[in-house]
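**Student:** Sending over a structure as structure tokens; questions will come in a sec.
The values are calculated or read from the model by the stated rules, or taken from the named source; none is laboratory data. Computed from a predicted structure; not experimentally measured. Here the Cβ positions follow ideal geometry from the backbone for every residue, glycine too, while neighbour counts run over all protein chains shown.
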Amino acid sequence: MAIVHRPVLLEEVLSFLVPQREDALMVDCTLGEGGHAEAFLGRYPSLRYLGFDVDPVIQAKAVTRLAPYSDRFACRLGYFDDLLAAWDGLALEALLPCLGGSRPDLVLFDLGISMHHYLESGRGFGFGKDEALDMRLDPQAPRGAAQIVNGEREIELARIIFEYGEERLSRRIAHAIVEARGRSRITTTAELASIVESAMPGQYRHARIHPATRTFQALRIAVNDELGRAERGIRSAAAILAPGGILAVISFHSLEDRIAKNIFKELSGRSTWEPNEPIGKEPGKVEFELLCKKPLEAGPEEAARNPASRSAKLRVIRRLAISGSAVDAGKDAE
Ligand SMILES: C[S@@+](CC[C@H](N)C(=O)[O-])C[C@H]1O[C@@H](n2cnc3c(N)ncnc32)[C@H](O)[C@@H]1O
């Protein structure tokens, strides 16, 4: 399969995620087709690179693309939040000997889905093609979009569409779905798009975005627990980051961006956490600093070249090279 996804904010990501030592370890939590990965591996000849993705089809594309780097690149299939939470037990040296034994120096999240999913996965992520209503990134996941649309109560459908799609007409849409599925099961993207469209008052049907855009986003987020996983994944990544390590998050809608923004604010706004607090596994003081106060966005050139970049926002944080406890220990010794 050909590469169909262009990595977004690539120059910005490269300018922030600069390895501070030759054999730094980078963890790419959302490997996708490996666009960011290829740029990093090509630029830094000693960088060790570990990729995660939960979709076996797209991960196979990345493995083929990154074969020239197989002496310092490997990947694991799975949800990034699960893998990061299990970091100490991942046995990375068994995957590739050079990957074992260290914490990540650089971590990248490029959240959401790839052009591959829209264009060639056949799993109904968009309404541009008439496909089975599925939307699972992990083909083994217990339920896809069709199960939600045909099985959830109207009130829960309305909640999903409102909370994850920020859709003001969520109740009308949920009602239309329940009426339609009473006639026959909804199984395709075209059926769902047409039901949503017919539930909209006239003026909304000719809006700038397709009337079903928000409903499709909401279902995808619900199917893959995207917000919960982003929250847990970013927190776990911060907890295992090496001293001096840098963590970057690219998000594509306000719900995701809010998660990164709040976690980064929390991490940088105070200098300590206690051992039994949810952030971090380490007792003592740990400090982070924001590397950009406002999120970075695509410039006009990238936005024109790559429409997918238009909603992208990049936030970056760094764990200080010397943790608070080490600073205090140094002061005590003076
Ligand atoms: C925007 S794409 C990444 C594109 C990649 N940076 C590139 O340049 O080719 C996001 C990828 O993350 C994966 N993904 C999304 N949520 C995930 C999760 N919770 N755990 C693991 N992978 C996930 C998707 O399958 C998709 O391949």
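**Student:** If we scan region 153-165, do we find a residue that is within 16 Å of the ligand (Cβ to nearest atom), within 18 Å of HIS117 (Cβ to Cβ) and not assigned by TED's automatic domain parsing to the domain that holds LEU291?
**Tutor:** Going through region 153-165, the residues within 16 Å of the ligand (Cβ to nearest atom) turn out to be 164.
From the residues that got through so far, the ones that are within 18 Å of HIS117 (Cβ to Cβ) too are 164.
Those left that are additionally not assigned by TED's automatic domain parsing to the domain that holds LEU291: 164.
Checked region 153-165: at least one residue is within 16 Å of the ligand (Cβ to nearest atom), within 18 Å of HIS117 (Cβ to Cβ) and not assigned by TED's automatic domain parsing to the domain that holds LEU291.
**Student:** Also, quick follow-up: Counting just the residues of region 13-28 that are of a type in the set (Asp, Glu) and more than 13 Å from the ligand (Cβ to nearest atom), which one comes out farthest from ILE240 (Cα to Cα)?
**Tutor:** Here is the first cut: in region 13-28, the ones of a type in the set (Asp, Glu) are 22-23, 28.
Then keep just the ones that are more than 13 Å from the ligand (Cβ to nearest atom); that gives 22-23.
Details: GLU22: 20, ASP23: 17 Å.
This residue is GLU22.
**Student:** What are the residues in region 76-120 that are crowded, with 22+ Cβ neighbours inside 10 Å, under 16 Å from ASP28 (Cβ atoms) and not acidic (Asp, Glu), if any?
**Tutor:** PHE80, LEU84, PRO104, LEU106, VAL107, LEU108, PHE109, LEU111, GLY112, ILE113, SER114
**Student:** Something else about it: Determine whether TYR49 is surrounded by 23 or more Cβ atoms within 10 Å (Cβ to Cβ) and at pLDDT 95 or above.
**Tutor:** Numbers: surrounded by 23 or more Cβ atoms within 10 Å (Cβ to Cβ): yes; at pLDDT 95 or above: yes.
Yes; evaluated as a whole, the condition is true for this residue.
**Student:** Taking region 86-109 on its own, how many of its residues are in contact (Cβ under 8 Å) with a residue 40 or more places away in the chain, within 16 Å of the ligand (Cβ to nearest atom) and either outside any helix (DSSP H, G or I) or in contact with an Asp or Glu (Cβ under 9 Å, 6 or more places away or on another chain) (or both)?
**Tutor:** Qualifying residue count, region 86-109: 5.
**Student:** I'd like the residue in region 194-212 that is out of contact with any Phe, Trp or Tyr (no Cβ under 8 Å at 6 or more places or on another chain) and modelled with pLDDT of 85 or more and, out of all such residues, is nearest to GLU163 (Cα to Cα). Reasoning before the result, please.
**Tutor:** Quick first cut of region 194-212, residues out of contact with any Phe, Trp or Tyr (no Cβ under 8 Å at 6 or more places or on another chain) only: 194-209.
Within this subset, residues satisfying the condition of being modelled with pLDDT of 85 or more are 194-201.
Working: SER194: 21, ILE195: 20, VAL196: 16, GLU197: 19, SER198: 21, ALA199: 18, MET200: 18, PRO201: 20 Å.
Out of the qualifying residues, it is VAL196.
**Student:** What about MET135, is it over 30 Å from THR30 (Cβ atoms) and in contact with a Leu (Cβ under 7 Å, 6 or more places away or on another chain)? Let's see the steps before the verdict.
**Tutor:** Values: over 30 Å from THR30 (Cβ atoms): no; in contact with a Leu (Cβ under 7 Å, 6 or more places away or on another chain): yes.
Answer is no for this residue.
**Student:** Filter region 182-219 for residues that are touching a helix residue (DSSP H, G or I) at 6+ places or on another chain (Cβ under 7 Å), buried (at least 18 other Cβ atoms within 10 Å of the Cβ) and part of a helix (DSSP H, G or I) and give the result.
**Tutor:** LEU192, ILE195, VAL196, ALA199, ARG214, THR215, GLN217, ALA218, LEU219
**Student:** Against the conditions (1) over 23 Å from TYR204 (Cβ atoms); (2) crowded, with 20+ Cβ neighbours inside 10 Å; (3) in contact with a helix residue (DSSP H, G or I) (Cβ under 6 Å, 6 or more places away or on another chain), where does ARG123 fall short? Just the number, please.
**Tutor:** In the conditions (1) over 23 Å from TYR204 (Cβ atoms); (2) crowded, with 20+ Cβ neighbours inside 10 Å; (3) in contact with a helix residue (DSSP H, G or I) (Cβ under 6 Å, 6 or more places away or on another chain), ARG123 misses (3) alone.
**Student:** Do we find a residue being at pLDDT 95 or above, surrounded by 19 or more Cβ atoms within 10 Å (Cβ to Cβ), in the same structural domain as ARG21 (by TED's automatic domain parsing) and part of a strand (DSSP E or B) anywhere in region 222-237?
**Tutor:** no
**Student:** So, ILE246, is that one under 17 Å from ASP110 (Cβ atoms) and outside the structural domain of GLU156 (by TED's automatic domain parsing) or not?
**Tutor:** Numbers: under 17 Å from ASP110 (Cβ atoms): yes; outside the structural domain of GLU156 (by TED's automatic domain parsing): yes.
Criteria met by ILE246.
**Student:** Select, from LEU119, LEU41, LEU83, the only residue that is modelled with pLDDT under 95 and part of a helix (DSSP H, G or I). Steps first, please.
**Tutor:** Details: LEU41 fails: modelled with pLDDT under 95; LEU83 fails: modelled with pLDDT under 95.
Going through LEU119, LEU41, LEU83 in turn, just one is modelled with pLDDT under 95 and part of a helix (DSSP H, G or I): LEU119.
**Student:** A further question on this structure: Name every residue in region 151-177 that is surrounded by fewer than 17 Cβ atoms within 10 Å (Cβ to Cβ) and assigned to a helix (DSSP H, G or I), in order of residue number. I'd like the intermediate steps shown before the answer.
**Tutor:** As a first pass, look at region 151-177 and keep what is surrounded by fewer than 17 Cβ atoms within 10 Å (Cβ to Cβ): 151, 153-156, 163, 166, 168, 175.
Within region 151-177, GLY151, GLU154, ILE155, GLU156, GLU163, HIS175 meet the criteria.
**Student:** Sticking with this structure for a sec: Among the residues of region 53-75, write down those that are surrounded by 18 or more Cβ atoms within 10 Å (Cβ to Cβ) and farther than 19 Å from VAL4 by Cα.
**Tutor:** Scanning region 53-75 gives TYR69, ARG72, PHE73, ALA74, CYS75.
**Student:** Same structure, new question: Kindly indicate the residue of region 1-15 that is buried (at least 21 other Cβ atoms within 10 Å of the Cβ) and hydrophobic (A, V, I, L, M, F, W, C) and also nearest to ASP105 (Cα to Cα) among those meeting that condition.
**Tutor:** The residue in question is VAL13.
**Student:** For residues in region 116-128 being out of contact with any Gly (no Cβ under 9 Å at 6 or more places or on another chain) and within 13 Å of the ligand (Cβ to nearest atom), which is farthest from PHE73 (Cα to Cα)? Talk me through it step by step, then tell me what you get.
**Tutor:** To start, the set of residues in region 116-128 that are out of contact with any Gly (no Cβ under 9 Å at 6 or more places or on another chain) comprises 120-122, 125-128.
Now restrict to residues that are within 13 Å of the ligand (Cβ to nearest atom): 120-121, 125.
Numbers: GLU120: 25, SER121: 25, PHE125: 29 Å.
Restricting to residues being out of contact with any Gly (no Cβ under 9 Å at 6 or more places or on another chain) and within 13 Å of the ligand (Cβ to nearest atom), the top hit is PHE125.
**Student:** Also, quick follow-up: Filter region 65-85 for residues that are free of Cβ contacts under 8 Å to residues at least 24 places away in the same chain and within 9 Å of the ligand (Cβ to nearest atom) and give the result.
**Tutor:** ASP82
**Student:** While we're here: If you check LEU31 against the conditions, is it in a helix (DSSP H, G or I), within 15 Å of the ligand (Cβ to nearest atom) and either of a type in the set (Ser, Thr, Tyr) or within 21 Å of LEU227 (Cα to Cα) (or both)?
**Tutor:** Numbers: in a helix (DSSP H, G or I): no; within 15 Å of the ligand (Cβ to nearest atom): yes; either of a type in the set (Ser, Thr, Tyr) or within 21 Å of LEU227 (Cα to Cα) (or both): yes.
Taking the combined requirement at face value, the residue does not satisfy it.
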